1. Looking at (1) at pLDDT 95 or above; (2) surrounded by 15 or more Cβ atoms within 10 Å (Cβ to Cβ), which one does Leu115 not meet, given that it meets all the others?
2. Please state which of the following conditions Gln184 fails to meet, knowing it meets all the rest: (1) in a loop (DSSP other than H, G, I, E, B); (2) modelled with pLDDT of 95 or more.
3. Which residues, counting only those in the stretch 1-16, are surrounded by 11 or more Cβ atoms within 10 Å (Cβ to Cβ), modelled with pLDDT of 90 or more and touching a helix residue (DSSP H, G or I) at 6+ places or on another chain (Cβ under 9 Å)?
4. I need every pair where a residue in the stretch 295-314 that is closer than 25 Å to Leu135 by Cβ and assigned by TED's automatic domain parsing to the domain that holds Lys191 has its Cβ under 6 Å from the Cβ of a residue that is modelled with pLDDT under 95 and β-branched (Val, Ile, Thr), sequence separation at least 6 or different chains.
5. Only residues that are assigned to a helix (DSSP H, G or I) and surrounded by 20 or more Cβ atoms within 10 Å (Cβ to Cβ): list them for the stretch 278-303, please.
6. Check whether at least one residue in the stretch 257-275 is outside the structural domain of Phe84 (by TED's automatic domain parsing), in a helix (DSSP H, G or I) and either of a type outside the set (S, T, N, Q) or crowded, with 19+ Cβ neighbours inside 10 Å (or both), and report yes or no.
7. One residue is enough: does the stretch 41-51 have a residue meeting the conditions within 26 Å of the chain's Cα centre (by Cα), surrounded by 13 or more Cβ atoms within 10 Å (Cβ to Cβ) and closer than 22 Å to Gln125 by Cβ?
8. Residues Gly219, Gly233: which one is in contact with a Lys or Arg (Cβ under 6 Å, 6 or more places away or on another chain), small (Gly, Ala, Ser) and at pLDDT 95 or above?
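The values are calculated or read from the model by the stated rules, or taken from the named source; none is laboratory data. Fair warning: this is a prediction, and the values are worked out from it, not measured in the lab. Note: ideal-geometry Cβ built from the backbone for every residue, glycine included; neighbour counts use all protein chains shown.
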Amino acid sequence: MLHLYRQITGLRKFRCIVLAQKREHADCFPFRDVVVIPKPATHQLRRFWMKNLRRAPVQIYRSEARRLAAELDGISAKLLHIYFGHIGVHLLPLIEIARVPVIVSFHGADVMVDLHQPAHRAAMQRMLARVDRVLARSESLAARLVELGCVREKIRIQRTGIPLDDFSFVPRQPPANGAWRFVQACRLIGKKGLQTSLSAFAAFAQNFPRATFTIAGEGPLQGELEKFAHELGVADRVTFAGFLPQEKLRTLYHDAHIFLHPSETGVDGNQEGVPNSMLEAMATGLPVLATRHGGIPEAIEHGVSGLLVAERDHDALARTMFDLAADEMLYEKMSVGACRAVLEKFEQGAQIRALEEIYDEVITG
């Protein structure tokens, strides 16, 4: 994931060595210090046994834990940082024998998914009790971790870092001809609220027939969303752009007028931290229309850097579109406010320094 790569390569006080089960796209992520420790041949059998028969989380074998612990000893590791809470549960046998302090980061979906199952909840709580620090991308995630039983004193807020040099600010003005360009960039999955976006855009397009909506990203809902756009009568004004590399994504943001991200809690409890694409769009000066969901209100101040509505309320989202289109001063104010919010709260250098301070705190005890 790009935001993790930025964080790892941004470290200055620490040398990071990545332990992974496989390596992909090395040309896109040219990081030298990667140690690949493949899954055992019996992994799929174990996965089926644990998930389908025992209804329990899949965890590494004790033999794997010992091998990983020996790897940590061999590289003289001072600290183990595990990304994503469910990976922390998977590596619980290692956490229980590791001779170095352990940090686990939570990013959103990894907080509540599957925790309605007693075995999963118990394993998560055991993992939270054993680690030295827990990092959360937002205060809302931190609150959910406390509800799970994590000691509040262990939790630190570690926000996404955005490299502002890569996402330069572009002054925005409303289009003179009503050709508003909306954009949303995300995985095409339920919690991203894409049906809400399409419904609201369809209402807006009735009054602004030259408006367009570009959806950048891939995912399992693409066919369903394309069909929904046809049913709404806006298929000719909605573009499914697929996955875009960073350069093309930046161009898309620079050419757009408004960014949409009406996230919603999934049926499985899946919730956002603070969406990376939203922050990148804000850095370029795109006002955001989003929902009061997860960590989004921690990034967007309503009426200053964007407008917020309730989850799944496409009528309210459409009203914010009309409000912004009708008020040029508000639109230009929110453009500046969006960029300023990222500069003040999510600038990459500041977040890297904060992470290094946490590392120092844990290592020195």
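1. So the condition that Leu115 fails would be (1).
2. Among (1) in a loop (DSSP other than H, G, I, E, B); (2) modelled with pLDDT of 95 or more, Gln184 violates only (1).
3. First, pick out the residues of the stretch 1-16 that are surrounded by 11 or more Cβ atoms within 10 Å (Cβ to Cβ): 1-11, 13-14, 16.
Among the residues that remain, those that are also modelled with pLDDT of 90 or more are: 4-11, 13-14, 16.
Result: Arg6, Gln7, Gly10, Leu11, Lys13, Phe14, Cys16.
4. Sorted first by the residue in the stretch 295-314, then by its partner, the pairs are Gly295/Val274; Ala299/Val274.
5. Looking only at the stretch 278-303, we keep the residues that are assigned to a helix (DSSP H, G or I), and these are 278-283, 296-299.
Met278, Leu279, Glu280, Ala281, Met282, Ala283, Ile296, Ala299 - these are the residues of the stretch 278-303 that are assigned to a helix (DSSP H, G or I) and surrounded by 20 or more Cβ atoms within 10 Å (Cβ to Cβ).
6. Applying the first criterion (outside the structural domain of Phe84 (by TED's automatic domain parsing)) to the stretch 257-275 yields 257-275.
Going one step further and asking which of them are in a helix (DSSP H, G or I), we end up with none.
No, because not a single residue in the stretch 257-275 is outside the structural domain of Phe84 (by TED's automatic domain parsing), in a helix (DSSP H, G or I) and either of a type outside the set (S, T, N, Q) or crowded, with 19+ Cβ neighbours inside 10 Å (or both).
7. Yes, there is a match, as at least one residue in the stretch 41-51 is within 26 Å of the chain's Cα centre (by Cα), surrounded by 13 or more Cβ atoms within 10 Å (Cβ to Cβ) and closer than 22 Å to Gln125 by Cβ.
8. Answer to the check: Gly219.
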